[in-house]
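Asks: Submitted below is the structure of interest, expressed as structure tokens.
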């Protein structure tokens, strides 16, 4: 943090700063007031800010992981539906089997009261779903970029041919 005259006037130079991403505020506020995490949330719940029991923190983080996983599953299904099967390459790090295995592991940790293990596994699942959503979000980027570049190159080629045809009316240069 950059300390300047304004910070010194407040007398907060001794306070340690804790930053959160803006998206991380939604699951935190939802957990504080005990409501479901918003459906389109992409933030991670930081349980260290909750002054509740370890069980509640783990359950809230698990809810965050399930909510993120539901978004990932929807993106995967949408991409699978709109892509021809021969051109569809699924995200291999988070398959449906791994999803079920991870959810079962977290539930098992929660039943046994191993809250730190449940939190660790929930955070890992959240990380994997974020990577998977990024994968599907950028899925068509390469093909789209190639098509756009080819479109521009084709347009440039046609313009050059048109200019050559106009400027050389007596010559034998023809493009098309």
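Asks: Would you check if residue 165 is farther than 30 Å from residue 87 by Cβ, surrounded by 12 or more Cβ atoms within 10 Å (Cβ to Cβ), modelled with pLDDT under 90 and over 21 Å from the mean Cα position of the chain (by Cα)?
Replies: On the way: farther than 30 Å from residue 87 by Cβ: yes; surrounded by 12 or more Cβ atoms within 10 Å (Cβ to Cβ): yes; modelled with pLDDT under 90: yes; over 21 Å from the mean Cα position of the chain (by Cα): yes.
Answer is yes for this residue.
Asks: Under 8 Å between Cβ atoms, at least 6 apart or on separate chains: pull out the pairs that start in region 101-126 with a residue that is under 20 Å from residue 42 (Cα atoms) and end on any residue that is modelled with pLDDT under 95 and not in a helix (DSSP H, G or I).
Replies: That search, which allows pairs on different chains as well, returns 123/44; 126/44.
Asks: Applying the selection to region 103-138, what residues are surrounded by 13 or more Cβ atoms within 10 Å (Cβ to Cβ) and not in a helix (DSSP H, G or I)?
Replies: Within region 103-138, 114 is the sole residue that qualifies.
Asks: Still on this structure, I have one more. Looking for something part of a loop (DSSP other than H, G, I, E, B), touching a residue at least 24 places away in the same chain (Cβ under 8 Å) and either in contact with a strand residue (DSSP E or B) (Cβ under 9 Å, 6 or more places away or on another chain) or buried (at least 17 other Cβ atoms within 10 Å of the Cβ) (or both) - is there at least one such residue anywhere in region 53-63? Give the steps one after another, and end with the answer.
Replies: Pass one, region 53-63, residues part of a loop (DSSP other than H, G, I, E, B): 53.
Filter once more, keeping what is touching a residue at least 24 places away in the same chain (Cβ under 8 Å): none.
No, every residue in region 53-63 fails to be part of a loop (DSSP other than H, G, I, E, B), touching a residue at least 24 places away in the same chain (Cβ under 8 Å) and either in contact with a strand residue (DSSP E or B) (Cβ under 9 Å, 6 or more places away or on another chain) or buried (at least 17 other Cβ atoms within 10 Å of the Cβ) (or both).
Asks: Out of the residues in region 29-48 that are in contact with a helix residue (DSSP H, G or I) (Cβ under 6 Å, 6 or more places away or on another chain) and not in a loop (DSSP other than H, G, I, E, B), state the one that is surrounded by the most Cβ atoms within 10 Å (Cβ to Cβ).
Replies: Restricting to residues being in contact with a helix residue (DSSP H, G or I) (Cβ under 6 Å, 6 or more places away or on another chain) and not in a loop (DSSP other than H, G, I, E, B), the top hit is 31.
Asks: Taking the conditions exactly as written (assigned to a loop (DSSP other than H, G, I, E, B) and either touching a helix residue (DSSP H, G or I) at 6+ places or on another chain (Cβ under 6 Å) or within 23 Å of residue 127 (Cα to Cα) (or both)), does residue 20 satisfy them or not?
Replies: When the stated conditions are applied, residue 20 passes them.
Asks: Just one of (1) within 23 Å of residue 137 (Cα to Cα); (2) surrounded by 13 or more Cβ atoms within 10 Å (Cβ to Cβ); (3) at pLDDT 95 or above trips up residue 100, so point out which.
Replies: Result: residue 100 passes all but (2).
The values are calculated or read from the model by the stated rules, or taken from the named source; none is laboratory data. Owing to the predicted nature of the structure, the values given are computational and were not obtained by experimental measurement. Please note: Cβ atoms are built from the backbone with ideal geometry, for glycine as well, and neighbour counts cover all protein chains shown.
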